[in-house]
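Scroll down for the structure; my scribbles are underneath it.
The values are calculated or read from the model by the stated rules, or taken from the named source; none is laboratory data. Every value quoted in this text rests on a predicted model; they were computed, and no experiment measured them. When we count neighbours, we look across all protein chains shown, and the Cβ atoms used for this are built from the backbone with ideal geometry, even at glycine. Just the protein is used for accessible areas: all its heavy atoms, side chains included, with ligands, DNA and RNA removed. Shrake-Rupley method; radii C 1.70, N 1.55, O 1.52, S 1.80 Å.
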Amino acid sequence: MALKLHGVGMSTCTVRVAAALCEKDVDYELEGVKMGVGEHKQPNFLAKNPFGKVPVLEDGDLTLFESRAINKYIAYKYSGQGTDLVRGGDEKERALVNVWVEVESHHFNPAVAPLMSELLIKPRLQRLPTDEAVVETHAAKLDSVLGVYEERLSKSKYLAGDHFTLADLHHMPYLYMLVRSPKASLITSHPHVLAWWEDISARPAWIKAAEGMKVWDAPPS
């Protein structure tokens, strides 16, 4: 029986999980959540995730939320197929995967998420003005983070070493948005980061998972 992924095709967190499922060659069904009418705040959905956010993964009688935790579950449960996303056979590689997974969560995400909210989500989806002060503050923070990445990727093909892992995958939804935003220069000004993005974004699993994110490809109406 296919896993059921409750979410939204353009949601960064939903796509993060979809990308892991595709990398592991796992069949799943995307069950759309109508967030525009508050479906994620209704009792049926809150029974799956009491915080009322997407995504939620259902695997038989197991229900999980929080995209990064879901991806660890997927990576370990399906360790014998698809891409080895955690480098389970090598203790040192596995440790580096864990380090850079944490870096994404604690350094990259807090800088890029508010930036994309101001540059893309507010003007395009919410019809709200962009707060330029917030943009400049978080652009500076993200530039500093990506400077660390530039140094790392000058010595390593991927963040955790020579292999694509969750450490790379977890960045992909917001990187996709960033390169389509007015602050795309934060990527293009870091040549090793740009080369890394061009490499990982060409992966067939990502192209399949990110279909719903094409909404960000078009200029704002």
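Of the residues making up the range 117-134, one or more are open to solvent by 60 Å² or more (accessible area, probe 1.4 Å), over 20 Å from the mean Cα position of the chain (by Cα) and among the polar types (S, T, N, Q).
Out of Pro173, Pro129, Pro123, Pro110, one residue alone is over 25 Å from Ala210 (Cα atoms) and either among the hydroxyl-bearing types (Ser, Thr, Tyr) or out of contact with any strand residue (DSSP E or B) (no Cβ under 8 Å at 6 or more places or on another chain) (or both). It is Pro129.
Against the list (1) touching a residue at least 12 places away in the same chain (Cβ under 8 Å); (2) over 20 Å from Gly88 (Cβ atoms); (3) of a type outside the set (Val, Ile, Thr); (4) not in a helix (DSSP H, G or I), the condition Pro50 fails is (1). In the range 58-74, the residue that is nearest to Leu5 (Cα to Cα) out of those that are within 20 Å of the chain's Cα centre (by Cα) and touching a residue at least 40 places away in the same chain (Cβ under 8 Å) is Glu58. Here the condition is being more than 15 Å from the chain's Cα centre (by Cα) and closer than 15 Å to Leu169 by Cα; of Gly89, Gly82, it holds for Gly82 alone.
Being hydrophobic (A, V, I, L, M, F, W, C), out of contact with any helix residue (DSSP H, G or I) (no Cβ under 9 Å at 6 or more places or on another chain) and under 25 Å from Ala113 (Cβ atoms) is a description that does not apply to Phe45. Within the range 135-146, being surrounded by fewer than 14 Cβ atoms within 10 Å (Cβ to Cβ) and either more than 30 Å from Met35 (Cα to Cα) or basic (Lys, Arg) (or both) holds for Ala140, Ser144.
Looking only at the range 1-43, residues that are modelled with pLDDT under 95 and either polar (S, T, N, Q) or closer than 17 Å to Tyr78 by Cα (or both) come to 2 in all. Has the range 40-57 got any residue that is within 18 Å of the chain's Cα centre (by Cα) and open to solvent by 50 Å² or more (accessible area, probe 1.4 Å)? Yes, some residue in the range 40-57 is within 18 Å of the chain's Cα centre (by Cα) and open to solvent by 50 Å² or more (accessible area, probe 1.4 Å).
Among the conditions (1) open to solvent by 70 Å² or more (accessible area, probe 1.4 Å); (2) among the acidic types (Asp, Glu); (3) modelled with pLDDT of 95 or more; (4) under 30 Å from Ile74 (Cα atoms), Asp199 misses just one, which is (1). Checking the structure you have, find out if any residue of the range 64-83 is outside any helix (DSSP H, G or I), open to solvent by less than 50 Å² (accessible area, probe 1.4 Å) and under 21 Å from Leu153 (Cβ atoms). Yes, the conditions are met somewhere in the range 64-83. Out of the residues in the range 92-107 that are open to solvent by 60 Å² or more (accessible area, probe 1.4 Å) and more than 19 Å from the chain's Cα centre (by Cα), state the one that is nearest to Lys214 (Cα to Cα). Per the stated criteria, the residue is Arg94.
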